[in-house]
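Worksheet: one structure, shown below.
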Amino acid sequence: MIPPSFDYARPTGLDEALRVLADGGEEAKVLAGGQSLLPLLRLRLAFPELVVDIGRVPGLRGVREDGGTLVIGAMTTHHEVVRDPLVRRHAGLLAAATRTVADPAVRHRGTLGGSLVHADPAADLPAAVLAMDGELVVAHPAGRRTVPAREFFVNYLETVLAPDELLVEVRVPKTDGWGFHYEKFHTVAQSYAIVGVAALVRRDNGRIAEARVGLSNMGATPLRATAAERALAGCDDASAVARAAQSAPDGTQPPQDTSGSPEYRAHLAQVLTRRAVLTAAGMG
Ligand SMILES: Cc1cc2nc3c(=O)[nH]c(=O)nc-3n(C[C@H](O)[C@H](O)[C@H](O)COP(=O)(O)OP(=O)(O)OC[C@H]3O[C@@H](n4cnc5c(N)ncnc54)[C@H](O)[C@@H]3O)c2cc1C
């Protein structure tokens, strides 16, 4: 399919990008790696009058340390995230989840920022960043604001971003000493999760001291399995973890689609949470 016609801008600086976006208002759309936006345009599900390509805006790509936090530029590609030594050392869950995204071609073009702003609840990275208690740094014409991942996703394909705002950085606390695992269930290789579970576990004296569980595709937004997280604290063997994982679907509203019913997804959330937590905790 051929996309509808639109104006195209390719700013070479952040201030210019923000100005162009502000001028475009509701009719402007940011283009990052294009792996989600271009299919929407080609299917004629989006009709922006202006596409603002941020591929030449400097400073939006790469990974750096800031004390106990990793700062990842919004335009860092999935391929770069997976290969980055800092991400692998200090944010293993993000590397593990990113490794499961699509295929190498998509991972070479698609970006972490694009995946988060696209806000598809079936995507892998929103649940991982949510489990990591990440923060999103957003630039706008008057400055910057930092939004916790927990507040960023508001509905299906919808975030708190205003039309004149640009996601510039993703900040994730280092998870040194935590076990991690991303468990993705899909029936077609290299496709979206029917359900995905991102788990982080900190153990103390053989017990789970703290567990964080992010869920993909269990509602209109990525979610934290808060009831399961509470139940997992103190678990010291596999059967206790299995019991705690039963509450993974509590408070979720899984979708009904051709891949499965809400009941099927609720069952998957329980099974995958048990597997992900046991692996993350080294109890598997
Ligand atoms: C065949 C295929 C399979 C896929 N499989 C998976 C999968 O298994 N798991 C998965 O998680 N994802 C999957 N994806 C999606 C992929 O991860 C995309 O890379 C990602 O969703 C979007 O990243 P992008 O950089 O391409 O963003 P774009 O497509 O360029 O943009 C996506 C949206 O975000 C906005 N945007 C982008 N960057 C910014 C920014 N910095 N500030 C403000 N707004 C911004 C755009 O305006 C647009 O609305 C798949 C995609 C394809 C084509």
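Just so you know, all these numbers are worked out from the coordinates, no wet-lab data involved. Small disclaimer: the values here were computed from a predicted structure and weren't measured. Virtual Cβ from ideal backbone geometry, glycine too; neighbours counted across all protein chains shown.
Rounded, prolate or oblate: which fits the stretch 116-164 when a ≥ b ≥ c are the square roots of the eigenvalues of the alpha-carbon gyration tensor, with rounded for a/c under 1.5 and prolate only if a/b beats b/c?
Numbers: a/c = 2.59, a/b = 1.47, b/c = 1.76.
Oblate, because a/c is 1.5 or more while a/b does not exceed b/c.
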Practice problem: Quick one: which residues, 5 or more positions from Asp7 or on another chain, have an amide H under 5 Å from its amide H? H modelled 1.01 Å from N in the peptide plane, none for Pro or chain starts. | Solution: Leu50, Val51
Self-check item: Gained length - Ser191 relative to Asp250, 0.36 nm times residue gap less alpha-carbon distance
Solution: 18.7 nm
Quiz prompt | Fewest-first ranking of Lys29, Lys184, using other Cβ atoms within 10 Å as the exposure measure | solution = Lys29, Lys184
Exercise. For the chain, just say rounded, prolate or oblate: build the C-alpha gyration tensor, square-root its eigenvalues into a ≥ b ≥ c, call rounded for a/c under 1.5, and beyond that prolate if a/b exceeds b/c, oblate if not.
Key: prolate
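Where does each of 63-70, 235-242 land if you order them by average Cβ count within 10 Å, highest first?
My ranking of the peptides, most packed first, is 235-242, 63-70.
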Quiz item: In the chain, which helices (entire DSSP H runs) extend 18 Å or more along their own long axis, judged by Cα positions, while averaging at least -1.0 on the Kyte-Doolittle scale?
Solution: 262-280
Quiz prompt | Computed E for Met1/His108 - FRET, C-beta separation, R0 22 angstrom, nearest 0.05 | solution = 0.45
Self-check item: Share, in percent, of DSSP beta bridges within the chain that are antiparallel, nearest 5
Solution: 85 percent
Quiz item: Under the classification rounded if a/c is under 1.5, otherwise prolate if a/b is larger than b/c and oblate if not, where does the stretch 6-128 fall, given a ≥ b ≥ c as square roots of the Cα gyration tensor eigenvalues?
Solution: oblate
Quiz item: By how many nm would the segment from Arg202 to Asp237 lengthen if fully extended, with 0.36 nm per residue of separation less the alpha-carbon distance?
Solution: 11.2 nm
Quiz item: Once you put a point 7 Å from the Cα of Ala220 and another 7 Å from the Cα of Arg10, both along the Cβ direction, what distance in nm separates them?
Solution: 3.8 nm
Quiz item: Once the piece of chain linking Tyr156 and Leu45 is laid out straight, how much longer is it, given 0.36 nm per residue of separation minus the C-alpha distance between them?
Solution: 38.5 nm
